[in-house]
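**Q** The structure follows.
The values are calculated or read from the model by the stated rules, or taken from the named source; none is laboratory data. It should be emphasised that the depicted structure is a prediction, and the values quoted were computed from it without experimental measurement. Note that each Cβ is placed from the backbone with ideal geometry, even for glycine, and that neighbours are counted across all protein chains shown.
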Amino acid sequence: MRDWPGSPAPRRHEKFSFRLIFERKSCYESQIMVALKTFIGLFGLLSLLATPLAALTDAPRERTQVFAVCLGRASAEMEHRWLIGGGAEAEQDRRAMFEMLLDTVAPNSGLAGPQILDMRIRAKMAQAQLLQIATFHTDPDRKRRAAAAAWQAMRPCSALLLS
């Protein structure tokens, strides 16, 4: 007679064995571990997907800052693609989307036009510098780190757009 599914059946002539107890315990522990790994994996995936949504607040000032930085970074990506070749049309569409979003929220933000322009230019120059290092630097390790940093900087902006 089995105690629960997955536990080994006791042998007929065996009266008592610690081995059976340990086998049952390890079977139960493995089922718990599988469930725990599944839960942790789902929680991690959901937290990765929800991070950009949680980062965007309802405050118009903060939205303006986010969209200005994303517009500056997208401008740098677009110009870099024009110079290097490949993918410039997609980057141009992404930049146009951020420009439209910024134009929508900027009037209610309370930020002056020069402040918004300053945020855009600073983000564009930072992204352009990373892309130039990633493309033209002679040290392969530095190229790899710059490419990773450029991708990481654009990741929140990419997550804001659905397409």
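**Q** Name the residues in the stretch 97-116 that are surrounded by 13 or more Cβ atoms within 10 Å (Cβ to Cβ) and either free of Cβ contacts under 8 Å to residues at least 40 places away in the same chain or within 25 Å of residue 152 (Cβ to Cβ) (or both), would you? Don't jump to the end; show me each part of the working.
**A** So in the stretch 97-116, the residues surrounded by 13 or more Cβ atoms within 10 Å (Cβ to Cβ) come out as 97-99, 101-102, 104-106, 109, 111, 115-116.
Result: 97, 98, 99, 101, 102, 104, 105, 115, 116.
**Q** Among the helices (runs of 4 or more DSSP H) confined wholly to the stretch 48-163, which include 3 or more residues that are at pLDDT 90 or above and among the small types (Gly, Ala, Ser)?
**A** Values: elements: 60-84, 88-105, 113-136, 140-160.
Because the criterion is at least 3 residues that are at pLDDT 90 or above and among the small types (Gly, Ala, Ser), the helices (runs of 4 or more DSSP H) in the stretch 48-163 that meet it are 60-84, 113-136, 140-160.
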